[in-house]
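First up is the structure itself, then whatever we jot down about it.
No lab work stands behind these numbers, since they all come straight from the coordinates. All values derive from a computational prediction rather than experimental measurement. Every residue, glycine as well, gets a Cβ built from its backbone with ideal geometry; the counts of neighbours run over all protein chains shown.
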Amino acid sequence: MSGEASTPGASPRAPRPGTQKSSGTVTKKGDRGAKEKPVLVLPPVGEEEPKNPEEYQCTGVLETDFAELCTRSGYTDFPKVVTRPRPHPAFVPSASMSEKPAQDDQRLSASCSLNSLESKYVFFRPTIQVELEPEDKWVKEIYIRGWRVEERILGIFSKCLPPLSQLQAINLWKVGLTDKTLSTFIALLPLCAPTLRKVSLEGNPLPEQSYHKLMAADSPIAHLSLRNNNIDDHGAQLLGQALSTLRSCNRTLVSLNLAFNHIGDAGAGYIADGLRLNRALLWLSLAHNRIQDQGALKLAEVLRPFELTHTEVVERRRLLLEKGTQERSRSVNSAALAEKTDKTQTTKTPKGLSKKKEKSGGESVRKEEKSGSGQSPTQGTPKKEDPTKSGKGKVTVPEQKTSKGKGPKTGNKEKRSFLLESEHLGQSLAYSWSPKHLVAEATETVNPLLEPVEHRDGKVFVPGNKVLLHLNLLRNRITEVGLEGFLATVQYQAQFSKSKSPSKGPVGLLRLSLAKNCFSPQCPAYATIQELMLPRAPVTKAKPREEETT
């Protein structure tokens, strides 16, 4: 230390002009300065000091929260949050012809400037487009398209999206998702507001095709769009299993869009297998796929009475046995509750009797004398004296009349609540679904295997899926052979809807799209399908009602 202190003291002015850099002391000093410079320069460049994203509390304003979290995470260039542009109004050809050359000249002159080129490519810059509520200006939908969403960005979204209390939809179009980032995105969904029910992942092909994870039993998604994701028969198999199996079923998904994929006959068969026991899906689109006659026949078969397989018959017998045991336990418990209520009533009555006996005193002796001597000539008097004739046993009759308004009604309420709870438990055993959904929706649906069946030639037939209202098979490879299957389905559903009022339950398809397939539009089967579906369509039903009102 003494040597190092003496060398700068011997030549204090030598390093400043820079002419004596060859000396050993100066080089040591230069090395020491080179080591100190990165320590001083790195914090502003890497922004290490302000990096505290976990300490930041989101305010609920997506624009400020996303920008702040990105800067705290070390991002220097990140997408901006902008309002989604509205579609331009229709062109009105009211301008005079004299104005057109001026506009063309302006466009040509502006196209040469750099600012005009930048303005043209603003649309292609990475942004987070937001659609707001018209009155409250809350974020309603989020659109991300055309730029890669990494796992770090999803981590930022997991912090700034939950405060959005009115968020309803997330749309991700060509954002480069992978199977890993999809799992992190699925983990993000339960953190968001309960109003989030719509998710659109379009143009994001995955190697493992793990889209079925979005349709788990605890998923809040009600509307799912998976267009243009190169989903093949394997992916369709996973999606069909997510719709329903023997022991599980999706009860939240209402609409599923699988258009513009590579689903063939085998994939359509897997989707049809998922529709066998699913009674929640209302809207299904398989347009622009590779479905031929075999897949079309499998889809049509599910929408009318179909035969149960051996495994389904075995499962149905098991469910019936469980239902019988539940009913027996239910009756035993209700009898036990009735006994408890009777005991509580009998324990309450002696107290009232003792009080009345103390108050009455000599009146009871007089009544006993009257009852002993009196054989009344009329029939009305003994009826009035019946409660007092037989002493202790029959005095409780008027007390029971007055207590009927309190005692037995409470017992009935207990019985009813217990029966409802046991019904909930019975349905939960039959379905083996998560208890969260059972609390809200257990009374609305019944296991399709427990529906009334029909026996034909030793085979068991169930009524089929009549919950699906919309089926889109536009631009596939269906011929007249597959068309005959849908004709039989539409004829059956038309007859069924005539015999059953719409208020009692679902009646089947209301819209069926089969255009642009491998058959002629003048085909007789297609013409009859159109005629049968025309009065069932909601639009055609609404027109006569409007005419009646007018």
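Annotations
- Length gained on full extension, residue 195 to residue 76: 39.6 nm, using 0.36 nm per residue less the C-alpha separation.
- Computed from label points 7 Å out along Cα-Cβ, the spacing between residue 520 and residue 461 is 3.3 nm.
- For segment 321-331, Karplus couplings with θ = phi - 60° (6.51, -1.76, 1.60), whole Hz, Gly/Pro x: 5, 4, 5, x, 5, 5, 5, 5, 4, 5, 5
- Of the peptides 288-294, 190-196, the ranking by mean beta-carbon count within 10 Å, highest at the top, reads 288-294, 190-196.
- Label-to-label distance, residue 339 versus residue 223, with points set 7 angstrom from Cα along the beta-carbon direction: 5.6 nm.
- Translational diffusion coefficient (Stokes-Einstein; Kirkwood radius from C-alpha pairs) of segment 154-303 at 4 °C, 1.567 mPa s, in µm²/s: 83 µm²/s
- Cut-off 19 Å, label 7 Å out along Cα→Cβ of residue 131, residues of segment 210-232 by amide N: 221-228
- Full extension of the segment from residue 498 to residue 152, taken as 0.36 nm per residue of separation minus the current Cα-Cα distance, would add 118.9 nm.
- Among the listed pairs 140/498; 174/298; 80/180; 213/466; 466/516, those whose Cα-Cα separation exceeds 30 Å are 140/498; 174/298.
- Backbone geometry of segment 222-233 corresponds, through the Karplus equation with coefficients 6.51, -1.76 and 1.60 at θ = phi - 60°, to 3J(HN,Hα) couplings of 10, 10, 10, 10, 10, 6, 6, 10, 6, 6, 9, 5 Hz, x marking Gly and Pro.
- Summing charges over all other residues whose Cβ lies under 11 Å from the Cβ of residue 61, with Lys and Arg as +1 and Asp and Glu as -1, gives -2.
- Taking amide H as placed 1.01 Å from N in the peptide plane, the amide H of residue 460 sits under 5 Å from that of 308, each at least 5 places away or on another chain.
- Using the Karplus relation 6.51 cos²θ - 1.76 cosθ + 1.60 with θ = phi - 60°, the per-residue 3J(HN,Hα) values for segment 507-515 come to 10, x, 5, 10, 8, 9, 9, 10, 6 Hz, with x marking Gly and Pro.
- Binned Cα-Cα distance frequencies in segment 192-252 - 10 Å width, integer %: 21, 53, 25, 2
- Net charge in the neighbourhood of residue 157 (other residues with Cβ under 13 Å of its Cβ; Lys, Arg +1, Asp, Glu -1) is -1.
- With Cα atoms as the point set, segment 237-309 shows a radius of gyration and Dmax of 11.6, 32 Å.
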